[in-house]
Amino acid sequence: MPVKPEIEEFQHDMTAWRRDIHAHPETAFEEFRTAEVVASKLADFGVEVHRGLATTGVVGTVRVGSSNRAIGLRADMDALDIHEENAFDYVSTVPGKMHACGHDGHTVMLLGAARYLAATRRFNGTVHFIFQPAEENVAGGRVMVEDGLFDLFPVEAVYGMHNSPGIALGKFAVQTGPAMAAADMFEIRLTGKGSHGAHPHHGEDPLVTGAELVMALQRIVSRSVNPMKAAVVSVTQFHAGSSMNVIPESVRITGTCRSHDLAVQDQIEQRLRQVVAGVCAAHGIAYELDYQRRYPATINTRDEAANAARAAAEVVGQDNVILDLPPSMGAEDFSWMLQHNPGCYVRVGNGEGSKGSCVVHNPRYDFNDDALVYGASYWATLVEQQLSLQS
Ligand SMILES: [Zn+2]
Ligand SMILES: [Zn+2]
């Protein structure tokens, strides 16, 4: 079953591009070199290039024929603040930064598809190749949308792809409905009255209140949310005190809440506010609560998930398309693009063996170059099917 032979022919080029980008990782909104590499290659392929959205974002456009239909394909370009521990010759040249999530591979798979589609032009309509910065932590996808991505480049659907270590090379996973979770963050500052550790009755102890609060927050998921719905409330930081015999004046607690369903997200926020207010009131401790909804859930729409599954099946065969992968509680800023358009975010196998088994965000992770031809062929097939010459 066919990967695109024309793409297979330049697999060595894609591997070289991927390793070059891997050796020169750049993080959020500083992807200047990467954006330059992307823009100049697109121009070489004869693709119209638009730069500057979200600082380092790049959009390439290919128009063919008379159809006014258009779709968007999105890749992320950013690296992480992790010091690479690999020993191969294209290891990161930047201390403390590395491509540990495979966005180097995502960038190159989309470049490969652009090269193929600009040369073969076997479709009717417009394809926008969206290269976005800052997927990790700071939602560059949201910034691109706010900077007018879909006003400048309107599309009927937008598609994204991420590699997955643990899924075999030559397989794809396509989920209908929730793929990734909404990510909310909270910070709670408790203020009491500091006192000597020997004389707690002279103060108001925010530390004991904070400990009670951490336990009380566990009840949101276990006692309030419908057990058939996915939800997470994790306390991730608890900072208090600096001495063995001093009851501190203040406590800082942070955490994250995850959900797939907007009603559950609303319920978690409401219950968290109630629990913080109630526990603090019970003990006379003042508090400030900052609750932020950072990333919406990534929800694949039904028709576009079917489109993605059909394209993947064309490339790797129906048996190699996983349709029952459970959704993740991780978050993804492609969700911002799905707030504005129907679309689908798929997984491409990064391998299960020695080459691909290391998890993302690990200092020994590396994108599997053997996946490049599958990912690029999937993009190319999706465009040729969706913007079919017969349509
Ligand atoms: Zn990541
Ligand atoms: Zn990633």
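The values are calculated or read from the model by the stated rules, or taken from the named source; none is laboratory data. Nothing here was measured: the structure is a model prediction, and the numbers come from that model. Backbone-built Cβ (ideal geometry, glycine too); neighbour counts: all protein chains shown. With ligands, DNA and RNA removed, areas are computed over all heavy atoms of the protein, side chains included. Shrake-Rupley method; radii C 1.70, N 1.55, O 1.52, S 1.80 Å.
On the beta carbon distance between Ala16 and Gln385, with R0 = 25 Å, the FRET formula returns roughly 0.30.
Evaluate the charge dipole of segment 97-171 about its Cα centre and quote only its size in Debye, nearest 20, assuming +1 on the Cβ of each Lys and Arg and -1 on the Cβ of each Asp and Glu.
Numbers: 6 positive and 7 negative charges, 91 e Å.
Once rounded to the nearest 20, the dipole reads 440 debye.
Per-residue ellipticity at 222 nm computed for the chain from its helices equals -10500 deg cm²/dmol, with DSSP H segments shorter than 4 residues left out and the rest contributing -39,500 (n - 2.57). At a probe radius of 1.4 angstrom, the accessible area of the chain per residue rounds to 42 square angstrom.
Mind checking the dipole of segment 127-254: about its Cα centre, +1 per Lys or Arg Cβ, -1 per Asp or Glu Cβ, Debye to the nearest 20? All intermediate terms of the calculation are to be shown ahead of the outcome.
Details: 8 positive and 12 negative charges, 107 e Å.
In debye, rounded to 20, segment 127-254 gives about 520.
Arg115 sits with roughly 70 Å² accessible to a 1.4 Å probe, with DNA, RNA and ligands left out of the calculation.
Could you pull out which residues in segment 23-57 have an amide N less than 12 Å from a spot 7 Å beyond the Cα of His340, following the Cα-Cβ vector? Residues passing the 12 Å test: 53-54.
Solvent exposure of Cys101, expressed as accessible area, is near 10 Å², computed with a probe of 1.4 Å over the protein chains only.
In this simple spin-label model, placing a label point 7 Å from the Cα along the Cα-to-Cβ direction at both Ser234 and Phe150 gives a separation of 2.9 nm. List the residues of segment 104-142 whose backbone N lies under 18 Å from a point placed 7 Å from the Cα of Met185 along the Cα-to-Cβ direction. Residues 133-142 fall inside that zone. Near Leu80, the amide H atoms lying under 5 Å from its own belong to Met98, His99, Ala100; only residues 5 or more places off or on other chains count, and H is placed 1.01 Å from N.
Label separation (Glu36 vs Arg310): 4.2 nm, computed from points 7 Å beyond Cα along the C-beta direction.
With a ≥ b ≥ c the root eigenvalues of the C-alpha gyration tensor of segment 95-159, is it rounded (a/c under 1.5), prolate (a/b larger than b/c) or oblate? Oblate, since a/c reaches 1.5 and b/c is not below a/b. Couplings 3J(HN,Hα) of segment 64-77, computed from phi: 9, x, 9, 5, 9, 6, 8, 10, x, 10, 10, 10, 9, 10 Hz, in residue order, whole Hz [Karplus 6.51 cos²θ - 1.76 cosθ + 1.60, θ = phi - 60°; x for Gly and Pro].
From the square roots a ≥ b ≥ c of the eigenvalues of the alpha-carbon gyration tensor of segment 1-156, which class results: rounded (a/c under 1.5), prolate (a/b over b/c), or oblate?
Numbers: a/c = 2.37, a/b = 1.32, b/c = 1.81.
Oblate, because a/c is 1.5 or more while a/b does not exceed b/c.
Using only side-chain charges placed at the Cβ, +1 for Lys and Arg and -1 for Asp and Glu, the dipole size of segment 255-391 relative to its Cα centre rounds to 380 debye.
Expected output is a single nm value to one decimal: the length gained when fully extending between Arg223 and Glu48, i.e. 0.36 nm times separation in residues minus the C-alpha distance. What is it? It would help to have the intermediate numbers written out before the result.
Numbers: separation 175, 0.36 × 175 = 63.00 nm, distance 5.43 nm.
Value of the extension gain: 57.6 nm.
Ignoring lysines fewer than eight residues from Lys171 along the same chain, the ones with Cα atoms less than 17 angstrom from its Cα are Lys4, Lys355. Averaging over all projection directions, the Cα-based convex hull of segment 64-218 occupies 16.7 nm² in the image plane. Hydrodynamic analysis of segment 180-275 uses the Kirkwood radius over alpha carbon pairs. Inserted into Stokes-Einstein at 37 °C and 0.692 mPa s, it gives a translational diffusion coefficient of 227 µm²/s.
Using the Cβ atoms and a cut-off under 14 Å, what net charge is assigned to the surroundings of Thr126, where Lys and Arg are +1 and Asp and Glu are -1? Mind dumping the intermediate values first?
Values: positive: Arg63, Arg69, Arg121; negative: Glu48, Glu156, Glu384.
With Lys, Arg at +1 and Asp, Glu at -1, the net is 0.
Can you give the translational diffusion coefficient of the chain in µm²/s, computed by Stokes-Einstein from the Kirkwood radius over Cα pairs at 20 °C and 1.002 mPa s? For these conditions, the coefficient is 95 µm²/s.
Compute the length gained on full extension between Asn137 and Glu85: take 0.36 nm times their separation in residues and subtract their Cα-Cα distance, giving the result in nm to one decimal. All intermediate terms of the calculation are to be shown ahead of the outcome.
On the way: separation 52, 0.36 × 52 = 18.72 nm, distance 2.19 nm.
Length gained between Asn137 and Glu85: 16.5 nm.
Estimated at the nearest 10 Å², the accessible area of Thr176 is 80 Å² with a 1.4 Å probe. Candidate cross-link partners of Lys41 among the aspartates and glutamates, defined by an alpha-carbon separation under 12 Å and a same-chain spacing of 8 or more, comprise Asp13. For the set Glu332, Glu26, Glu204, the ranking by accessible area, highest first and with no ligand, DNA or RNA atoms included, is Glu204, Glu26, Glu332 under a 1.4 Å probe.
Quick one: grab the alpha carbon gyration tensor of segment 61-129, order the square roots of its eigenvalues as a ≥ b ≥ c, and give me rounded if a/c is under 1.5, else prolate or oblate depending on whether a/b is larger than b/c. Verdict is prolate for segment 61-129.
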